[in-house]
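Please read the structure below before turning to the comments.
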Amino acid sequence: MTGILAKGENYFEDASYPITARHVQTGSTSEPSHEHDLTEVQHAHDFNELVLITGGTAIHWLNGSEFPIVAGDIFLLQGQQDHYFHKRDRLEMINIMYDPKQIELPESRLLKMPGYCALFLLEPVFRKQHRFSSRLHLERLALSRAERIALEMVDEVNQRHDGYESALLGKLIDLMVFLSRSYQKSESTNSAALLRVGKVISSMEQDCARDWKLEDFIEMSRQSRSHFIRTFSKATRLSPFEYLIQLRLQRAMGLLRNSRLTISQIAYEVGFNDSNYFARQFRKRKGTSPLAYRKSFGNSS
């Protein structure tokens, strides 16, 4: 990152609940649209920003590459990505800003959607490589629906009635689901390729206990072995089976906290065929044994 760091404390109304929405309307001049407006200044965020282009055109500079944007383009900017907009012509957009580490997104359920995996996990990583061709682009009717949800979020931020925080989260999830479903209808070659890898991730999320083989994933992705592993690892920072083990351990932690199943039963329930191997993997990644973890939550079953 070489530009300005846009800190969430300047954008979120409540630092303890980092989610907000801004309606940005610009002309061809460089006048700021709102306080801390960095539209034309190279910057990165310490939060995520979901951008809905609702009108006009511009050039989006992102990490050294430039892409033309038009009304209907939807994309996610992850933290620490340098970007800015220039050559704006009546550009209008809605920015949904949030910190996924601090709000309670039902990510384990969202990740069961191939479109969510592709749009929110894979596309930001491969945007430069794909020259923005894997972005989500909505036609008029679909854009109107997404815009309506986003503007409702802007209203919640502006009015701040009782319960607005919960309303913001609910509308963000509603928007994410709608956009993910829309992405699953994308027809570009690069979008289809990301969707196939997204299908691998969603299949793991839906049935982590299945006896998965690498060949299963390769077949789903329709990529070569090396290309699939490289694509998956670039997006998740984990190999396919490291991702699967992490997922199984997450599921196991929930059962250790909330069920009366034995350690061996939990191991088999989440996909480990050997309870000793399960215990070793748990200690290696969580720093404690499954039994000690269970007891720390007052569950001595």
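The values are calculated or read from the model by the stated rules, or taken from the named source; none is laboratory data. As the structure is a computational prediction, the values presented were derived from the model and not from experiment. Note that we place each Cβ from the backbone using ideal geometry, even for glycine, and neighbour counts take in every protein chain shown. Each accessible area value is taken on the protein alone, full model and side chains, heavy atoms only, with ligands, DNA and RNA left out. Shrake-Rupley method; radii C 1.70, N 1.55, O 1.52, S 1.80 Å.
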Fraction of the pair-distance distribution of the stretch 78-235 above 23 Å, Cα-Cα pairs, percent: 46
Cα-based radius of gyration of the stretch 164-237 once divided by 2.2 N^0.38 Å, which approximates compact folds: 1.33
Residue-count net charge about residue 79 - beta-carbon cut-off 10 Å; Lys, Arg +1, Asp, Glu -1: -2
The stretch 143-164-the stretch 264-301 distance, computed between alpha-carbon centres (Å): 43
Quarter of the Cα convex hull surface for the stretch 33-100, i.e. its orientation-mean projected area (nm²): 4.2
Segment residue 109-residue 59, extension gain: residue separation times 0.36 nm, minus the distance between their alpha carbons: 14.5 nm
From the C-alpha gyration tensor of the chain, square roots of 5λ in Å: 38, 23, 17
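Rg to Rh ratio, the stretch 208-284, alpha-carbon atoms and Kirkwood radius?
Value, to two decimals: 1.05.
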Heavy-atom accessible surface of the chain: percent carbon and sulfur, 1.4 Å: 46
Cross-link pairs 101/234; 101/286; 171/234 - those with Cα-Cα distance over 23 Å: 171/234
Long-range HN-HN contacts of residue 77 with modeled amide H, under 5 Å: 49, 50, 51
C-alpha long axis of helix 140-159 to longest principal axis of the chain, angle in °: 90
The chain - mean residue ellipticity at 222 nm from DSSP helices (-39,500 (n - 2.57) per run, n ≥ 4, rounded to 500): -13500 deg cm²/dmol
Test item: Cα-centred dipole of the chain, Lys/Arg +1 and Asp/Glu -1 on Cβ, debye: 1660
³J(HN,Hα) computed for each position of the stretch 60-65 - Karplus, 6.51 cos²θ - 1.76 cosθ + 1.60, integer Hz, glycine/proline x: 9, 8, 9, 6, x, 10
Area accessible to solvent at residue 99, 1.4 Å probe radius, in Å²: 20
